[in-house]
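Below: one structure, written as structure tokens.
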Number of protein chains: 2
Amino acid sequence: MSKSVLELTPVQAVACCSPLTREPLSAETAERVMPLVKAIADPVRLRLLSLVASHADGEACVCDLNDAFDLSQPTISHHLKLLHEAGLLDREKRGVWVYYRVNRSALGDLAALLGGVTT
Amino acid sequence: MSKSVLELTPVQAVACCSPLTREPLSAETAERVMPLVKAIADPVRLRLLSLVASHADGEACVCDLNDAFDLSQPTISHHLKLLHEAGLLDREKRGVWVYYRVNRSALGDLAALLGGVTT
């Protein structure tokens, strides 16, 4: 594992490396991809990711997502922020709302890391 | 979501459902797949999964995995047990050792759930 991987974002680190079943994942890479995995290791966040991705035009604001959960808007906004910080959601402020969109590259990289077994 | 999904194992629940980006994941399905996601949301377990998969003949016992970690054998065995309970590792006792093997269907299903964006 070259040292430069340690300086990459989680998304880039996943993208650079072989699927985990082909060769042993290094400790550094495992730590590096953890933010992505931990971000989806929560049922609310996994559903938010799914709701944003499948929303009209592939984007949604917290105002679109409130109704699906029995949670306060600040709580949902907090989970959206965690998904954004992990690199799984991009965001853009328009007017009074922040609109979220799935970072398809990040999610695809994570799937590819796990998906080496099926090829 | 049919009620029967609630009675499936985590692996079956993932396999039955559309990738999360195509349609909103239900609360029930999100809860159902959580054991799989949480099982890999730990750097030691993600590395163990990778080490077992990439080991000779695709299987390994704790005796093969000790050297890769600065952890006690009971701790590694505990992580292997959690991966087994989540459905990601199959296991078989032969002689004094338990041999683990990646459940490729489970890992593939998890990848497919995440991978809908790339197709």
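Some observations on this one:
- Candidates per chymotrypsin sites (Phe, Trp or Tyr not before Pro) in segment A:43-105, loop by DSSP, up to 16 other Cβ within 10 Å: A:Phe69
- Within straight-line cross-link reach of B:Lys38, aspartates and glutamates at Cα separation under 13 Å, skipping those fewer than 8 residues along the same chain: A:Asp42, B:Glu85
- Average Cα contact separation per residue, segment B:15-111, under 8 Å, 6 or more apart, as relative contact order %: 29
- Assigned charges on the beta-carbon of Lys, Arg, Asp, Glu; segment A:35-110 dipole about Cα centre (debye): 160
- Descending by average beta-carbon neighbour count within 10 Å, the peptides A:56-67, B:51-62 line up as B:51-62, A:56-67, the highest first.
- For the segment A:38-46, counting C-beta atoms of other chains within 10 Å of every residue's C-beta and taking the mean gives 6.
- Mean silhouette area of segment A:35-110, derived from the convex hull of its C-alpha atoms and averaged over all directions, reads 4.7 nm².
- Cβ-vector label at 7 Å, B:Asn66, separations to other copies in nm: 5.8
- Seen from A:Leu46, the other residues with C-beta closer than 15 Å to its C-beta sum to a net charge of +1, counting Lys and Arg as +1 and Asp and Glu as -1.
Where a number appears in this text, it was derived from the coordinates with a stated rule and is not lab data. Every value quoted in this text rests on a predicted model; they were computed, and no experiment measured them. Neighbour counts run over all protein chains shown; Cβ positions are idealised from the backbone, glycine included.
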